[in-house]
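Data block below; observations after.
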Amino acid sequence: MSKVITLANAQIYQQEKLILKNVWFDLEETEFAYLIGKTGSGKSSLLKTLYGELPLREGEGHVSSYNLKRITKKEIPFLRRKIGIVFQDFQLLSDRTVIDNLAFVLGATGWKDKELIRKRAMSCLQLVGIEQKASSFPHTLSGGEQQRVSIARALLNQPSLILADEPTGNLDPETSEEIMQLLVAVAKEENTAILMATHDMNMVDKFPGRIIKVEEGELIELKHS
């Protein structure tokens with residue numbers, strides 16, 4: 001099985017501050033892993049390094065076929081086509097409908113044909129069970145519905161990896177469970193690996209996966225839940 005993430009002796013910086021040191025971490029395709037740790041421990045910094053928001057200055061790192069150490073600014077959009085990102089605060093564009101949010105991302109990642117864009121957007125909305133809201137604006141949707149749209153958006157370019165940063169952080173427990181079930185099911189169906197930062201230990205207990213803990217600036221692998 002090939003690996004979608006490989007980090008070897010990586011040092012993760014935020015500007016001049018060393019956030020995580022000696023990071024050794026692999027994630028195989030279709031694998032599901034949690035990234036846990038206190039707020040401010042460096043979970044988001046690790047995710048940002050993986051999608052090219054923070055440069056990798058020391059150590060080795062590969063995501064899909066991209067070398068994080070050598071990646072150029074021009075290549076970062078292509079790296080991000082291989083990655084779906086799900087944020088805690090949804091990050092939907094409020095001035096356009098759900099389907100137009102998805103169409104915007106497809107256009108920005110190189111899709112040209114309007115009919116194909118519409119078809120791909122609708123098929124992703126169907127995948128997450130929210131196609132009936134295609135022409136609604138984000139502010140008319142519940143938090144759970146907005147997160148479904150956000151997951152649909154993450155799936156648009158058939159990524160090999162989904163990075164989810166506290167995807168249930170703004171949701172009530174029942175909705176959180178629905179979103180987790182959806183993420184797990186979609187990853188299986190689409191053969192996508194998931195790395196999910198969370199501090200919701202209820203979800204970690206209910207949906208087993210690898211558990212990677214950020215502690216005192218290092219990554220520690222815990223036993224499978």
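Just so you know, all these numbers are worked out from the coordinates, no wet-lab data involved. Remember, it's a predicted structure, so these values are computed and weren't measured experimentally. Glycine also receives a Cβ, built like all others from the backbone with ideal geometry; neighbour counts cover every protein chain displayed.
Structure above, values below:
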quantity	calculated
Rounded to 10°, Cα long-axis angle of helix 114-127 versus longest principal axis of the chain	70 degrees
Whole-number percent relative contact order across the chain, with pairs defined as alpha carbons under 8 Å at least 6 apart	27 percent
Using θ = phi - 60° and Karplus 6.51 cos²θ - 1.76 cosθ + 1.60, couplings along segment 86-91 (whole Hz; Gly, Pro as x)	10, 9, 5, 9, 6, 6
Simple Cβ-charge dipole of the chain, Lys/Arg +1 and Asp/Glu -1, about Cα centre, in debye nearest 20	860 debye
Computed log₁₀ I(q)/I(0) - Debye formula, equal Cα scatterers, no solvent, segment 147-206, q 0.17 Å⁻¹	-0.52
Extreme residue, positive dipole direction of the chain, given options Gln126, Asn67, Gln91 (C-beta unit charges)	Asn67
Residue with peak Gaussian network fluctuation, the chain [Cα springs, cutoff 10 Å], from Val184, Val149, Val63	Val184
All lysines inside 27 Å of Lys43 as judged from Cα atoms, apart from same-chain residues fewer than 8 positions distant	Lys3, Lys17, Lys21, Lys69, Lys73, Lys74, Lys82, Lys188, Lys206, Lys213, Lys223
Vicinal HN-Hα couplings computed from phi for segment 64-74 (Karplus, 6.51 cos²θ - 1.76 cosθ + 1.60; Hz; Gly/Pro x)	6, 9, 9, 8, 5, 6, 9, 4, 9, 4, 5
Bridge type composition, the chain - antiparallel percent by DSSP, nearest 5	55 percent
Percentage, to the nearest whole number, of Cα pairs in the chain over 22 Å apart	50 percent
Segment 6-128: relative contact order as a whole-number percent, Cα under 8 Å and 6+ apart	19 percent
Radius, Kirkwood style, for segment 68-149 when every pair of distinct Cα atoms is counted (Å)	13.7 Å
Karplus 3J(HN,Hα) series, Hz, for segment 131-141 with 6.51 cos²θ - 1.76 cosθ + 1.60 (x for Gly, Pro)	4, 5, 9, 3, 9, 7, 8, x, 5, 8, 9
Prolate/oblate/rounded label for segment 16-86 (Cα gyration tensor, a/c 1.5)	oblate
